[in-house]
There are 2 protein chains.
Amino acid sequence: MAIPEHLSLTIAKSELPRIVIIGGGFGGLKLAKGLKKTKAQVVLLDRNNFHTFQPLLYQVATAGLEPDSIAGPLRKSFEGNPNYFFRMVKVTGIDTDKNEIETTVGNLSYDYLVIASGSVTNYFGNEKIKKVLPLKRLVHALDLRSHILQNFEQAVLTKDEKKLEQMMNIVVVGGGPTGVEVCGALSELKKHILPRDYPDLDFSKMNIHLIEGTDRLLNGMSEASGQNSLRYMEKLGINVQLNTMVEEYEDDVVKLSSGSIESATVVWSAGVRGNVLSGINSTSVERSRLVVDEFNRVKGFDNVFAVGDVALMKSEEFPNGHPMLAPVAMQQGSHLSKNIKRHFQGKKMMPFKYFDKGSMATVGRNKAVVDMPGGVHVKGLLAWVIWMFIHILYLIGFRNKLIALNNWVWSYLTYDKGTRLIIRTFSRKNRKD
Amino acid sequence: MAIPEHLSLTIAKSELPRIVIIGGGFGGLKLAKGLKKTKAQVVLLDRNNFHTFQPLLYQVATAGLEPDSIAGPLRKSFEGNPNYFFRMVKVTGIDTDKNEIETTVGNLSYDYLVIASGSVTNYFGNEKIKKVLPLKRLVHALDLRSHILQNFEQAVLTKDEKKLEQMMNIVVVGGGPTGVEVCGALSELKKHILPRDYPDLDFSKMNIHLIEGTDRLLNGMSEASGQNSLRYMEKLGINVQLNTMVEEYEDDVVKLSSGSIESATVVWSAGVRGNVLSGINSTSVERSRLVVDEFNRVKGFDNVFAVGDVALMKSEEFPNGHPMLAPVAMQQGSHLSKNIKRHFQGKKMMPFKYFDKGSMATVGRNKAVVDMPGGVHVKGLLAWVIWMFIHILYLIGFRNKLIALNNWVWSYLTYDKGTRLIIRTFSRKNRKD
C-alpha cells in the first residue's frame, strides 16, 4: 500500500513523558497494559492493527482455527485511556541522537523508547531456498492453508506421476515446537479429513517429512520430551530425519544433506532471528539481537529499552541470552512496566528474573509433551489437556477463548476441521517475509 | 494462478449418465444434494472450494463474522458417494454441439448440464465507477473490511481536512437488502465500536449515505417493510437519498444526480446480473439470463438446464422471470433434482412452482422487517428474532450455525465485534469482480 502524502505521524506532546513502544506482540502488549496507571503518554506502534497469538498459528495453517480465534484488535486494549495512542505504521529506523523513530509516514520523538519488534524468520542466509514457506505471521498461516488445499485440488487434476508425488508430499523443516505441531496437525488432516474430501487420491502416497538439523526434536525442552515427541511422530507416520540439513529447494525438489525429496510444500520453521531495526549502534547488537542489561536497557543507552525476542539478556542461567519464547517476552514486558514506574518514582530499578513455568508442545489428538518446573515431564492425554488449558488461559481475550474452545470441542467430537477454505489463492511468487 | 500444463480435467466415464453442474451456490448445491440417490455420475464444478452463504456477506464485511461462519467446504457435501466428483476449476464456456464444457484445465463432456452459475455485480455498463467496491463474493467482504479499517487507521494520521472527510464518509449504493443491512451494521460500528477504538476521531463527522435509484427501499418487499426500514435508517442517522442515481466516482468524489459526496468508500450493492457463460446461443438469453421453461430446461435444448439467478423462468405470477433470490435458487435446485429422477424413471417432469416463504432484512440491533406469507408484516424485535432464527436455520452446516450463533450472542451482549482485523491490506487497484 503506497502511503499518500497527506499522512503524517503527529501526536500532540503533553506534559507527561512519552514512552514509544515498537511492536504489539507479547512483550510490547504486556508492557503497554502494565503502564496503564503510569503518568506517561504511551504510544504503541505496530504494522498490524492486531496482536497475534503466535503459538497457535499452526492451527490456522492447518484449517483448525480462523484468524479471529488467535488475533485480537490492538486498539481494544487501549480503550478508555486518554494518554494512550495506537498507530498502525511500519517503523523503518531509529535515530537515537535525536530521540526519534522513523516510519513510512514520518518521524516521532520519544522520551523513552521500548523496542519490542520481536523476531523474523531466519533463512540463515541461504539464497537457494526462496520458495520455502514461513510460518511466523498470520498472513503466512492463511497462505499456507490456501497452498496446501490448492495442491490437493490440483493433485486431483494431474496425470503426471512426478507432479502428483510433489503435491502429495509435505516437508517441514525444523523440529522445534512449530515444526512438531504442524506435522501433528497435518497427520490428523491426512488421517481424518483428506481421504474423505479427496476420494480420488491415494493418501498412502502422502508423506509428511520432518527435517531437523540436530540429533533431537524440541531442543528447548527436556530430553524426555524430545524422545516422547519423536515416538509420537513415528506413531503418526511422520518421517523424521535428524542430523539433516536443507541445502537447496528448487523446482519442487528439496536437496538435503542426506538425499532429496520431491515436494511442492516446504514449511520453514527452522528458526527465527531478532528483528533489529536500523539506526542502533552495531556495538549494541550481538547475534541479531539487542544487548540489554538486567533492566532491559539497551547497551549504551539510558532511555532505550528492548524486551522479548529482540532483546539479548545474558545471565548466569542463560549465558547466551534468554530463550526467544512468548513467556520471556511477556515477563520482560510486565517487569519493565514496573521498572519504568519505579524510575518515575525515583526508585531503583529491579533486575529481571525469568520464572520458568515450563514448556510444552502438542503433537495431535490426546498427544502432547509438557515439561513442568522441577523436572517433571508429562506426556499423553494429561499433557494434552494441560496444553489446551494453558493455551485457552493465555489467549488474548475472552472472546478468542470462547471461539477457539468452541472450534476445538467441535473438531474433537467430529474429527472435522471447518476452515478448509481457499479464500485467496496463493502463489509462492508472492511470498511475504 | 497460472495453470500448469500437466493439469487436465479427466473424469473416467462410467455406465451412468453424467450430470455436470456448474456452480456450487444455493441452486447447484441443493441440486447436487438432491441427486444423491440417483443413478448418475454427478460432477460439480466451482472456482471456489467452498459454498458461500451470501445473505451474511455483509456481516463479514463489517467485522461481525469470520468467513468460516458463512462458508462451508463443498467437498464435505460430497463425502462418501463414489459417483460424485468435485473439481475446483473455472468454467470458461460451453460447447452445446459437442456436449462439452470448457475450463481453464481442459474440456469435459456431459450427458446433462445444469448451469447454476449465479449472478455477478451489475455496474450497468458505467465505466466511470471503477473504484466502487462490490459485495458479492467472500473475498469482496474481506477486502471491504480491510478497506474500511485501513481508512480509519489513516484518518488518525491525516491533517488534511478534505481527506479526513473522505475517509470518514461511507456511501452505500442500492437500497435492497444488502444495502440496508450494510448501513445498519455500519451504524452499529459507528455507535458502539469506532469511537472507543479511535478516540482521536470525531465520529459526529462520520456520515453513512444510502443512495437508491427508485422512490423506496427494499423494492422486493412490501410497501410497509420499505417504509419501516426507511424509518429505521433515519433513526440510525443514515442519510437516505431516494430517486438518486450515481453518475461517476473519481478521486474519492461520488457524483450523484442530486449533488456530490466526498468519500473514499463506496459500496456497490445496486444490483446483479445473470452470469451467462459464453457458448450458449443468444436466442436463449434474455436480459443477461438464460430463458428456461417451467422444468428449468434452457430454451432450445433437451439436456441443458439452468437454475437460480442465471435462469429466467417466466410465469403468470412472474411475467419478467422469478426474482434473483436464494430461496428461488434452492427450490429450483431441489425441484430439478426430482425432475431429473422422474426423467430417468421415464416419468413426465413436473412444472416448477415457487413457494414464497416470505422475505426479510435486518437493520440492526433489535431492528428488522419481515414479510410473511399472507400479507403479514412484522417489524422490530420480533422481526429481528425471526431473522436470526431463519438465518441460523439455513446456514450450511451445524458447525457454521454454532460459530455464527456464538459470535452473535457475544456481540449482542458486549456490543463488541471481534474480527476488526486488517489481515491483508487492500488497495482498490486490486479490486476483483
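The values are calculated or read from the model by the stated rules, or taken from the named source; none is laboratory data. It should be emphasised that the depicted structure is a prediction, and the values quoted were computed from it without experimental measurement. So basically every Cβ, Gly included, is an ideal-geometry build from the backbone, and we count neighbours across all protein chains shown.
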Report summary line: Of all strands (runs of 3 or more DSSP E) fully inside the range A:144-262, the set with 1 or more residues that are at pLDDT 95 or above, crowded, with 18+ Cβ neighbours inside 10 Å and in contact with a Cys (Cβ under 6 Å, 6 or more places away or on another chain) is A:170-173, A:208-211
Query raised in the report: Which number in (1) touching a Ser or Thr at 6+ places or on another chain (Cβ under 8 Å); (2) charged (D, E, K, R); (3) part of a strand (DSSP E or B) marks the one condition that A:GLU294 misses?
Result: (3)
**Report entry** Tally, over the range A:303-343, of residues that are out of contact with any Phe, Trp or Tyr (no Cβ under 9 Å at 6 or more places or on another chain), without any contact (Cβ under 8 Å) to a residue 40 or more places away in the chain and not in a helix (DSSP H, G or I)
**Finding:** 6
Query - Scope the range B:272-300; condition surrounded by fewer than 17 Cβ atoms within 10 Å (Cβ to Cβ), out of contact with any strand residue (DSSP E or B) (no Cβ under 6 Å at 6 or more places or on another chain) and of a type outside the set (Val, Ile, Thr); matching residues - result: B:ASN281, B:SER282, B:ARG287, B:ASP293, B:GLU294, B:GLY300
Requested in this report: Mind telling me which of the residues A:GLN345, A:GLN332 ends up being more than 14 Å from chain B (Cβ to nearest Cβ), farther than 23 Å from A:GLY175 by Cβ and touching a strand residue (DSSP E or B) at 6+ places or on another chain (Cβ under 7 Å)?
Outcome: A:GLN332
Query - Hits in the range B:358-408 - residues which are surrounded by fewer than 17 Cβ atoms within 10 Å (Cβ to Cβ) and among the charged types (D, E, K, R) - result: B:LYS401
Requested in this report: Specify the residue that is farthest from the other protein chains (Cβ to nearest Cβ); the eligible residues are those in the range A:44-61 that are closer than 17 Å to B:THR419 by Cβ and either aromatic (Phe, Trp, Tyr) or not in a helix (DSSP H, G or I) (or both).
Outcome: A:PHE53
Query raised in the report: Just checking, which of B:VAL43, B:VAL114, B:VAL60, B:VAL105 is in contact with a helix residue (DSSP H, G or I) (Cβ under 7 Å, 6 or more places away or on another chain), farther than 30 Å from A:ASN407 by Cα, among the aliphatic types (A, V, I, L, M) and not assigned by TED's automatic domain parsing to the domain that holds B:THR362?
Result: B:VAL114
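Table: residues versus (1) modelled with pLDDT under 95; (2) closer than 30 Å to A:ASP197 by Cα.
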| position | (1), (2) |
| --- | --- |
| A:THR62 | yes, yes |
| A:GLY72 | yes, no |
| A:LYS76 | yes, no |
| A:GLU79 | yes, no |
| A:TYR110 | no, no |
| A:ILE115 | no, no |
| A:SER119 | no, no |
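Of the residues B:THR425, B:THR414, which single one is over 24 Å from B:GLY72 (Cβ atoms), surrounded by fewer than 16 Cβ atoms within 10 Å (Cβ to Cβ), within 14 Å of chain A (Cβ to nearest Cβ) and among the hydroxyl-bearing types (Ser, Thr, Tyr)? Talk me through it step by step, then tell me what you get.
Working: B:THR425 fails: surrounded by fewer than 16 Cβ atoms within 10 Å (Cβ to Cβ).
Just a single option satisfies the conditions, and that option is B:THR414.
Table: residues versus (1) within 12 Å of chain A (Cβ to nearest Cβ); (2) over 24 Å from the mean Cα position of the chain (by Cα); (3) under 21 Å from B:ASP371 (Cβ atoms).
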| position | (1), (2), (3) |
| --- | --- |
| B:VAL139 | yes, no, no |
| B:SER146 | yes, no, no |
| B:ASP160 | yes, yes, no |
| B:GLN166 | yes, yes, no |
| B:CYS183 | no, no, yes |
| B:LYS191 | no, yes, no |
| B:PRO195 | yes, yes, no |
| B:GLY220 | no, no, yes |
| B:ASN228 | no, no, yes |
Requested in this report: Please give the number of the condition A:LEU381 fails out of (1) more than 14 Å from every other protein chain (Cβ to nearest Cβ); (2) under 27 Å from A:LEU149 (Cβ atoms); (3) in a helix (DSSP H, G or I); (4) of a type in the set (A, V, I, L, M).
Outcome: (2)
Requested in this report: Would you check if there is a residue in the range A:24-35 being away from chain B (no Cβ under 14 Å) and touching a Lys or Arg at 6+ places or on another chain (Cβ under 9 Å)?
Outcome: yes
Report task. Answer yes or no as to whether A:PHE352 is in contact with an Asp or Glu (Cβ under 7 Å, 6 or more places away or on another chain), within 14 Å of another protein chain (Cβ to nearest Cβ), surrounded by 19 or more Cβ atoms within 10 Å (Cβ to Cβ) and not basic (Lys, Arg). Result -> no
Report task. Tell me, yes or no, whether the range A:344-356 has at least one residue that is in a helix (DSSP H, G or I) and at pLDDT 95 or above. Result -> yes
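Conditions tested, residue by residue: (1) in contact (Cβ under 8 Å) with a residue 24 or more places away in the chain; (2) touching a Gly at 6+ places or on another chain (Cβ under 7 Å).
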{"position": "A:LYS39", "(1), (2)": "yes, no"}
{"position": "A:LEU45", "(1), (2)": "yes, no"}
{"position": "A:THR52", "(1), (2)": "yes, no"}
{"position": "A:ALA63", "(1), (2)": "yes, no"}
{"position": "A:PRO73", "(1), (2)": "yes, no"}
{"position": "A:SER77", "(1), (2)": "yes, no"}
{"position": "A:ILE94", "(1), (2)": "yes, yes"}
{"position": "A:ASP97", "(1), (2)": "no, no"}
{"position": "A:ILE101", "(1), (2)": "yes, no"}
Query raised in the report: Among the candidates A:MET221, A:MET206, which residue alone is closer than 18 Å to A:THR265 by Cα and of a type in the set (A, V, I, L, M)?
Result: A:MET206
Requested in this report: Answer yes or no: is there a residue in the range B:263-280 that is basic (Lys, Arg), in contact with a Ser or Thr (Cβ under 9 Å, 6 or more places away or on another chain) and more than 30 Å from B:GLU212 (Cβ to Cβ).
Outcome: no
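Would you confirm, using the coordinates I've provided, whether B:ILE390 is touching a residue at least 24 places away in the same chain (Cβ under 8 Å), more than 14 Å from chain A (Cβ to nearest Cβ) and out of contact with any Ser or Thr (no Cβ under 7 Å at 6 or more places or on another chain)?
So B:ILE390 passes the test.
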